[in-house]
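**Q** The following block contains the structure, expressed as structure tokens.
The values are calculated or read from the model by the stated rules, or taken from the named source; none is laboratory data. None of these values were measured; they are calculated from a predicted model. Note that each Cβ is placed from the backbone with ideal geometry, even for glycine, and that neighbours are counted across all protein chains shown. Accessible surface areas use protein heavy atoms only, side chains included; no ligands, DNA or RNA. Shrake-Rupley method; radii C 1.70, N 1.55, O 1.52, S 1.80 Å.
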Amino acid sequence: MSYLLLAGFALFGPAQAIQALALTWFFSVLNPGIAPDSSFGAIGRLAVLASAVVSVFIRSRSINSFSKTTLFLSVFFIAHSLIISLIPDVSILKVVSWTLSIMTLLTAWSLLDNDEWGKLSREMYRGILSLVLASIPLLGHPIGYLNNGTGFQGVLNQPQAFGMTVAILGALSGGQMFRHSQPSWLSIGLFMTCLILVVLSEARTAGLSLFLGLGLAALTITFLTRCSWRSVLPGVLSKRFVFTVLSSLIVSLFMGSALVDRIDSYLVKHAQTSGILDAYNTSRGMLIDAMLSNIEENPLGGIGFGIASEPYFMRVTRDPFFDFPVSAPIEKGVLPIAVFEEVGLVGFLFVTVWIIALVRVVAWGGVVALAASYTALIMNMGEAVLFSAGGMGMLLLIVLSWAVSSQKHLKGLRV
């Protein structure tokens with residue numbers, strides 16, 4: 001019933017379409033200790049997506065240049081799926097689902113006027129913030145650690161999902177510190193809270209993505225926009241920012257070895273390894289080895305978009321009436337290698353060009369949009385979900401499409 005209501009709600013306009021897709025993400029990652037998984041979930045998400053597509057494109061008259069670039073990439077994916085994929089119908093399902101999702105989101109954000117865009121941006125931000133705040137009471141409850149007993153997952157279904165969500169919130173809050181000449185204490189407090197929660201989640205990919213995303217945004221925005229750093233990063237020299245950095249350093253010095261041990265424990269988690277690279281190899285090594293083996297065998301053509309490294313062991317859920325595939329989850333840890341494995345060398349080059357185009361467009365939307373985008377993209381070095389329209393992939397698509405639209409509105413996101 002919830003999915004059917006969302007499908008109807010999406011028809012009311014582009015803002016409602018974005019909100020409906022955001023809620024399908026929330027339903028798909030909700031903690032099973034709070035609400036059980038829906039057996040209608042896979043088909044329900046497709047129903048909401050179909051309504052969102054109709055709602056947005058009956059109101060659209062044109063598409064922007066980045067949307068055209070995205071559409072070109074999608075056409076390549078479909079042609080590749082028809083000619084090369086080992087399981088063509090599964091690849092086509094995933095390409096069509098991703099294309100409709102990203103094109104709908106890009107178009108929906110572009111249809112909003114400045115006031116509507118600002119209002120929806122704040123609502124989406126506060127929606128993520130609400131999920132994080134609602135999770136904090138579960139810090140002392142078993143439901144908050146339901147997945148593995150140690151990593152905090154809050155109201156979401158996995159520590160990785162919670163960590164990635166918090167990292168997005170942290171990137172937005174951190175970007176706010178850079179963006180304003182007098183950053184608010186609320187932004188600073190939220191950022192520090194996000195750091196703590198990411199560590200508690202034990203999601204290393206999320207933590208590294210947050211730090212690297214903010215760092216890269218600060219380092220590259222002046223180069224990408226050719227603007228002075230004082231105009232795009234006024235908060236870096238603010239008294240509040242400097243005070244926060246110095247206070248954190250002093251606290252770190254007092255904590256000494258205890259802090260070092262906690263960070264080391266976070267980076268290597270529970271693996272018996274000697275460092276972060278060994279820990280990364282332990283957690284992702286088997287996935288990488290399987291992908292590299294397929295690349296060796298099919299360097300030019302690949303094995304097919306969205307196809308598992310061992311295709312014939314994929315769990316494909318099909319519609320009982322028409323036998324269409326509606327769900328085929330896979331796990332791949334490193335996006336660049338996964339792309340090379342699935343669509344070959346030519347596809348890898350096309351995706352690289354698309355990501356570069358994305359970053360160049362987003363940079364003109366300001367440091368907040370760029371920090372959130374870098375964070376979302378870097379997450380795919382540990383959880384390859386950028387080209388998935390389900391689960392965490394949907395949240396990343398919403399964030400990236402919002403960031404692209406920031407170029408038009410140039411307001412950034414205010415708390």
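**Q** Determine whether residue 176 is in a helix (DSSP H, G or I), in contact (Cβ under 8 Å) with a residue 40 or more places away in the chain and in contact with a Pro (Cβ under 8 Å, 6 or more places away or on another chain). Spell out how you get there, then give the answer.
**A** Numbers: in a helix (DSSP H, G or I): yes; in contact (Cβ under 8 Å) with a residue 40 or more places away in the chain: yes; in contact with a Pro (Cβ under 8 Å, 6 or more places away or on another chain): yes.
It is true that residue 176 is in a helix (DSSP H, G or I), in contact (Cβ under 8 Å) with a residue 40 or more places away in the chain and in contact with a Pro (Cβ under 8 Å, 6 or more places away or on another chain).
**Q** Which count do you get for residues in the range 41-57 that are over 30 Å from residue 353 (Cβ atoms) and either at pLDDT 95 or above or not assigned by the TED database to the domain that holds residue 25 (or both)? Walk me through how you get there before you give the answer.
**A** Start the filter on the range 41-57 by keeping residues that are over 30 Å from residue 353 (Cβ atoms), which leaves 41-44, 47-48, 51, 54-55.
Next cut, either at pLDDT 95 or above or not assigned by the TED database to the domain that holds residue 25 (or both) only: 48, 51, 54-55.
Number satisfying all stated conditions: 4.
**Q** Does residue 296 satisfy the condition of being acidic (Asp, Glu), assigned by the TED database to the domain that holds residue 377, out of contact with any Cys (no Cβ under 7 Å at 6 or more places or on another chain) and under 25 Å from residue 352 (Cβ atoms)?
**A** On the way: acidic (Asp, Glu): yes; assigned by the TED database to the domain that holds residue 377: yes; out of contact with any Cys (no Cβ under 7 Å at 6 or more places or on another chain): yes; under 25 Å from residue 352 (Cβ atoms): yes.
Judged against the criteria, residue 296 is a match.
**Q** Right, something else. Could you say whether any residue in the range 372-391 is in contact with a strand residue (DSSP E or B) (Cβ under 8 Å, 6 or more places away or on another chain) and either surrounded by fewer than 24 Cβ atoms within 10 Å (Cβ to Cβ) or touching a residue at least 24 places away in the same chain (Cβ under 8 Å) (or both)? Write out each step before concluding.
**A** Looking only at the range 372-391, we keep the residues that are in contact with a strand residue (DSSP E or B) (Cβ under 8 Å, 6 or more places away or on another chain), and these are 390.
Then drop every residue that is not either surrounded by fewer than 24 Cβ atoms within 10 Å (Cβ to Cβ) or touching a residue at least 24 places away in the same chain (Cβ under 8 Å) (or both), which leaves 390.
Yes, because at least one residue in the range 372-391 is in contact with a strand residue (DSSP E or B) (Cβ under 8 Å, 6 or more places away or on another chain) and either surrounded by fewer than 24 Cβ atoms within 10 Å (Cβ to Cβ) or touching a residue at least 24 places away in the same chain (Cβ under 8 Å) (or both).
**Q** Among the residues of the range 360-378, what is the count of those that are of a type in the set (A, V, I, L, M, F, W, C) and part of a loop (DSSP other than H, G, I, E, B)?
**A** Filtering the range 360-378 down to residues of a type in the set (A, V, I, L, M, F, W, C) leaves 361-364, 367-372, 376-378.
With part of a loop (DSSP other than H, G, I, E, B) added as a condition, the list becomes 364.
Within the range 360-378, residues that are of a type in the set (A, V, I, L, M, F, W, C) and part of a loop (DSSP other than H, G, I, E, B) number 1.
**Q** So residue 150 passes all but one of these: (1) open to solvent by less than 10 Å² (accessible area, probe 1.4 Å); (2) of a type in the set (Val, Ile, Thr); (3) not in a helix (DSSP H, G or I). Which condition number does it fail?
**A** With respect to (1) open to solvent by less than 10 Å² (accessible area, probe 1.4 Å); (2) of a type in the set (Val, Ile, Thr); (3) not in a helix (DSSP H, G or I), residue 150 is out only on (1).
**Q** Same structure again: When you go through 106, 169, 93 one by one, which is the residue that is touching a Pro at 6+ places or on another chain (Cβ under 7 Å), touching a residue at least 24 places away in the same chain (Cβ under 8 Å) and in a helix (DSSP H, G or I)? Break it down into steps so the answer makes sense when it comes.
**A** Values: 106 fails: touching a Pro at 6+ places or on another chain (Cβ under 7 Å); 169 fails: touching a Pro at 6+ places or on another chain (Cβ under 7 Å).
Going through 106, 169, 93 in turn, just one is touching a Pro at 6+ places or on another chain (Cβ under 7 Å), touching a residue at least 24 places away in the same chain (Cβ under 8 Å) and in a helix (DSSP H, G or I): 93.
Okay, residues lined up against (1) assigned to a helix (DSSP H, G or I); (2) within 17 Å of residue 393 (Cα to Cα); (3) of a type in the set (Asp, Glu); (4) over 23 Å from the mean Cα position of the chain (by Cα):
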{"position": "32", "(1), (2), (3), (4)": "no, no, no, no"}
{"position": "37", "(1), (2), (3), (4)": "no, no, yes, no"}
{"position": "50", "(1), (2), (3), (4)": "yes, no, no, no"}
{"position": "55", "(1), (2), (3), (4)": "yes, no, no, yes"}
{"position": "86", "(1), (2), (3), (4)": "no, no, no, yes"}
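**Q** Moving on. Could you grab me the full set of residues in the range 305-335 that are open to solvent by 50 Å² or more (accessible area, probe 1.4 Å) and assigned to a helix (DSSP H, G or I)?
**A** Across the range 305-335, the qualifying residues are 312, 313.
**Q** Regarding residue 387, is this residue touching a helix residue (DSSP H, G or I) at 6+ places or on another chain (Cβ under 6 Å), within 17 Å of residue 95 (Cβ to Cβ) and modelled with pLDDT of 95 or more?
**A** Details: touching a helix residue (DSSP H, G or I) at 6+ places or on another chain (Cβ under 6 Å): yes; within 17 Å of residue 95 (Cβ to Cβ): yes; modelled with pLDDT of 95 or more: no.
So residue 387 fails the test.
**Q** For the structure I just gave you, tell me whether residue 127 is under 18 Å from the mean Cα position of the chain (by Cα), open to solvent by 30 Å² or more (accessible area, probe 1.4 Å) and touching a residue at least 40 places away in the same chain (Cβ under 8 Å). Steps first, please.
**A** Values: under 18 Å from the mean Cα position of the chain (by Cα): yes; open to solvent by 30 Å² or more (accessible area, probe 1.4 Å): yes; touching a residue at least 40 places away in the same chain (Cβ under 8 Å): yes.
So residue 127 passes the test.
**Q** Might you check whether a residue that is modelled with pLDDT of 85 or more and either farther than 21 Å from residue 175 by Cα or outside the structural domain of residue 173 (by the TED database) (or both) occurs anywhere in the range 322-335?
**A** Among the residues of the range 322-335, at least one is modelled with pLDDT of 85 or more and either farther than 21 Å from residue 175 by Cα or outside the structural domain of residue 173 (by the TED database) (or both), which makes the answer yes.
**Q** Go through 299, 329 for me and flag whichever is of a type outside the set (A, V, I, L, M) and either within 20 Å of the chain's Cα centre (by Cα) or under 21 Å from residue 90 (Cβ atoms) (or both). Working first, answer last.
**A** Values: 299 fails: either within 20 Å of the chain's Cα centre (by Cα) or under 21 Å from residue 90 (Cβ atoms) (or both).
Exactly one of 299, 329 is of a type outside the set (A, V, I, L, M) and either within 20 Å of the chain's Cα centre (by Cα) or under 21 Å from residue 90 (Cβ atoms) (or both), namely 329.
**Q** Here's another thing I want to ask about it. Given the options 78, 136, 63, name the one that is surrounded by fewer than 20 Cβ atoms within 10 Å (Cβ to Cβ) and touching a Ser or Thr at 6+ places or on another chain (Cβ under 7 Å).
**A** Unique residue meeting the criteria: 63.
**Q** Condition test on residue 133, is it assigned to a helix (DSSP H, G or I) and within 18 Å of the chain's Cα centre (by Cα)?
**A** Values: assigned to a helix (DSSP H, G or I): yes; within 18 Å of the chain's Cα centre (by Cα): no.
No.
**Q** Could you please give the count of residues in the range 153-166 that are at negative phi, of a type outside the set (S, T, N, Q) and not in a helix (DSSP H, G or I)?
**A** Just the residues of the range 153-166 that are at negative phi, to begin with: 153, 155-166.
Now restrict to residues that are of a type outside the set (S, T, N, Q): 155-156, 159, 161-164, 166.
Now restrict to residues that are not in a helix (DSSP H, G or I): 155-156.
Looking only at that region, the number is 2.
Table: residues versus (1) open to solvent by 10 Å² or more (accessible area, probe 1.4 Å); (2) charged (D, E, K, R); (3) more than 25 Å from residue 331 (Cβ to Cβ); (4) touching a residue at least 24 places away in the same chain (Cβ under 8 Å).
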position: 184; (1), (2), (3), (4): yes, no, yes, yes
position: 189; (1), (2), (3), (4): yes, no, yes, no
position: 199; (1), (2), (3), (4): yes, no, no, yes
position: 205; (1), (2), (3), (4): yes, no, no, yes
position: 221; (1), (2), (3), (4): no, no, yes, yes
position: 229; (1), (2), (3), (4): yes, no, yes, no
position: 236; (1), (2), (3), (4): yes, no, yes, yes
position: 250; (1), (2), (3), (4): yes, no, yes, no
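**Q** Residues that are within 20 Å of residue 28 (Cβ to Cβ) and touching a Gly at 6+ places or on another chain (Cβ under 9 Å): does the range 109-130 have at least one?
**A** No, the range 109-130 has no match at all.
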